1. When you scan the range 152-180, how many residues do you find that are within 21 Å of R112 (Cα to Cα), surrounded by fewer than 24 Cβ atoms within 10 Å (Cβ to Cβ) and among the small types (G, A, S)?
2. What about T187, is it assigned by TED's automatic domain parsing to the domain that holds S116 and under 12 Å from A109 (Cβ atoms)?
3. Of the conditions (1) surrounded by fewer than 19 Cβ atoms within 10 Å (Cβ to Cβ); (2) more than 21 Å from F77 (Cβ to Cβ); (3) at pLDDT 95 or above; (4) not aliphatic (A, V, I, L, M), T183 satisfies every one except a single condition; which number is it?
4. Among the residues of the range 107-144, count how many are closer than 24 Å to P85 by Cα and basic (K, R).
Amino acid sequence: MRFKVVIFDFDGTLADTRKAIVIAKQDTMRAYGLPVLDEETCASTIGLTARAGFQKFYPDASDELLEKLVVSYRARFDELKTEMPPERFPGVDQVLSALKDMGVMRTIATARNKKSLYEFLSDWGLNDAFSYILAGEDTKRLKPYPDAVLKTLEDMSFRAEEALVVGDMPVDIGMGKSAGAFTCGVTYGNGKREDLEKAGADYIIDSIDELLSIVTA
């Protein structure tokens, strides 16, 4: 088997959280009298921390304002996730189960905060589906820096060439490539195929089911 560990992104790769994220961002912008950006623009920073996303949108914003935006956004997201609960993409449970049966380790490397991430996994009964999890607080530098992948490899005693990083955004591909791992972009999330290709993804899939043939090749 080619890969011994698969390192998954969360938002846009395992979970369809786009609608709640975009609305929460837009409502936060509106609440603070900021220019309200369109859906595509708001979705373009999924994969980054909430703070990094707002900083990209409003580069002149003060640290104080950025902190307020993050707090407001997270509170609104918590409301929306009960009104419009994010769901796992079709096939996720089956693929995770198949990887487990094959003896392939499943891990997560995400910029999502730990509280929110573990709440989702608990609600979905997926706490035991992953052997190792890194949330946004667990490394100093986040995507596209390689820190989360390097920490995963070190702590689990894998070599970079044994790992496949799976994500829907160019920052996921950048994170994996910078760590020396193989990368797989998914087109069913928030990223575009051409952007994943430009980022240098080794593989690109349109459905998570296709991942199994890559792992077993």
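The values are calculated or read from the model by the stated rules, or taken from the named source; none is laboratory data. Since we're looking at a predicted model, the values are computed, not measured. As a convention, Cβ positions derive from the backbone with ideal geometry for all residues, glycine included, and neighbour counts pool all protein chains shown.
1. 3
2. Values: assigned by TED's automatic domain parsing to the domain that holds S116: yes; under 12 Å from A109 (Cβ atoms): no.
In short, no.
3. T183 satisfies all of (1) surrounded by fewer than 19 Cβ atoms within 10 Å (Cβ to Cβ); (2) more than 21 Å from F77 (Cβ to Cβ); (3) at pLDDT 95 or above; (4) not aliphatic (A, V, I, L, M) except (1).
4. At the first step, the residues of the range 107-144 found to be closer than 24 Å to P85 by Cα are 107-130, 133-137.
Right, trim to basic (K, R) and you get 112, 114-115.
Residues meeting the conditions: 3.
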